[in-house]
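Trainee: What follows is a single structure, and I will ask about it in a moment.
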Amino acid sequence: MSAAKIKKGDKVIVLSGKDKGKTGDVAKVLVKDSKVVVSGVNIATRHKKPNQLQQGGLERTEAPLHISNVALVDPKDGKATRVRFETSKDGKKVRVSARTGEKIDG
């Protein structure tokens, strides 16, 4: 299994679509579908009919975005960056910003 470039909890920026330019934290990563759910971004509205258990009305949820439509936010300057992997001194794989060379984790 290869290491993930974008993980749960990462701060990302949306690159395309109706929410282009918005930032948010990754709430969920759907690995099989290559999609991510970003909090506060790509809100889908569904009209729900009332039933005995719950009230009807509009239900707003965050819909998944394709992973290619988001980019990690650089920890140094807050702009979109690609992710590169480097091996640390103790032999662990570490994610590094391709823009500034700043370590993202570890």
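Rule-based calculations on the coordinates, nothing more; no lab input. Since we're looking at a predicted model, the values are computed, not measured. Cβ coordinates were reconstructed from backbone atoms using ideal geometry, including for glycine residues, and neighbour counts include every protein chain displayed.
Trainee: Checking the cross-link filter: which aspartates and glutamates have an alpha carbon closer than 14 Å to that of K48, excluding same-chain neighbours under 8 positions apart?
Mentor: List returned: E59.
Trainee: Could you tell me which trypsin sites (Lys or Arg not before Pro) in the stretch 8-106 are loop residues by DSSP with no more than 13 other beta carbons within 10 angstrom of their beta carbon?
Mentor: When the trypsin sites (Lys or Arg not before Pro) of the stretch 8-106 are filtered for loop state and at most 13 Cβ neighbours within 10 Å, K8, K18, K20, K32, K76, K79, R82, K89, K92 remain.
Trainee: By counting other Cβ atoms within 10 Å of each Cβ, how are V14, V36 ranked from fewest to most?
Mentor: Placing the least packed residue first, the sequence is V14, V36.
Trainee: Using just the Cα positions, wrap the stretch 1-79 in a convex hull and report its mean projected area in square nanometres, one decimal place.
Mentor: The number I arrive at for the stretch 1-79 is 6.9 nm².
Trainee: Can you tell me which lysines have their Cα less than 22 Å from the Cα of K79? Leave out same-chain residues fewer than eight positions away.
Mentor: Partners within reach: K5, K7, K8, K11, K18, K20, K22, K28, K35, K103.
Trainee: Continuing with this model, one more query. Using a Förster distance of 22 angstrom, determine the FRET efficiency expected from the C-beta separation of S34 and T100, and round it to 0.05.
Mentor: 0.25
Trainee: Could you state the number of Å between the C-alpha centres of the stretch 21-35 and the stretch 56-106?
Mentor: The distance from the Cα centre of the stretch 56-106 to that of the stretch 21-35 comes to 10 Å.
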